[in-house]
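Some notes on the structure that comes next.
What follows is calculated from the coordinates using simple rules that are stated; it is not laboratory data. These figures come from a predicted structure and were not determined experimentally. Because the Cβ atoms are built from the backbone with ideal geometry, glycine has one as well, and the counts that use them run over all protein chains shown.
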Amino acid sequence: MAGGMTEATVPPPVIDTGATANGDPIGDFQVEEARSFEPRANPDQLAKAESLVKATPRPTPPPNPTHSVNGRAAWYCNNGSGCPAGYSGGLYAAAGPALRVGNWRGRTVTVCGSGNCINVKLVDWCACGGAREIDLFADAFSRLAPLGTGTVAVRVSW
């Protein structure tokens, strides 16, 4: 090269084989055969796990309810808005006049409508005019019908 400079030679890259200079494997760097990353579950464990994962049965109306009311249910309390203090959603409801019998607050009732049943806890009250008997939290109502339905015919038992 011009100017007295010489071309530098670049050494070849070093490839770590996990061995010492004489070829012996180093403890933590022992070369292993190709690994498979497929799960190695025991078939007996898989069968046991599948038997543990079962669908939760839907509640059915009580066999001999002491009380029951037929009417319509509406919904409220969606995404934390308009909910009673301490309740931001869930399987809760507001009791209409026919449901406020005895020690009603905190009572669990079964609400059946549109071919489904749910259990809800009465935590609030509603004026519920007309044929409306109960106002369900949106979470609970959506298990009976889409929220866009507005109201749904129900039977409330306890």
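What net charge do the residues around SER157 carry, taking every other residue with its C-beta under 13 Å from that of SER157, with Lys and Arg at +1 and Asp and Glu at -1?
Result for the local shell: +1.
Provide the net charge surrounding GLY129, with neighbours chosen by a C-beta distance below 14 Å and charges set as Lys +1, Arg +1, Asp -1, Glu -1. Don't skip to the answer; put the middle values down first.
On the way: positive: ARG72, ARG132; negative: GLU133, ASP135.
Here the charged neighbours net out to 0.
Between TRP104 and THR149, how many nm apart are label points set 7 Å from Cα along the C-beta direction?
Once both label points are built, they end up 2.3 nm from each other.
For ASN116 paired with ASN79, estimate the spin-label separation in nm (one decimal), with each label point 7 Å from Cα along the Cα-to-Cβ line.
It is 2.0 nm.
Kirkwood hydrodynamic radius, computed over distinct alpha-carbon pairs, for the stretch 68-157: how many Å, to one decimal?
It is 12.5 Å.
In which sequence would VAL69, VAL101 go, from the one with the fewest C-beta neighbours within 10 Å to the one with the most?
Listed from fewest to most nearby Cβ atoms, that is VAL101, VAL69.
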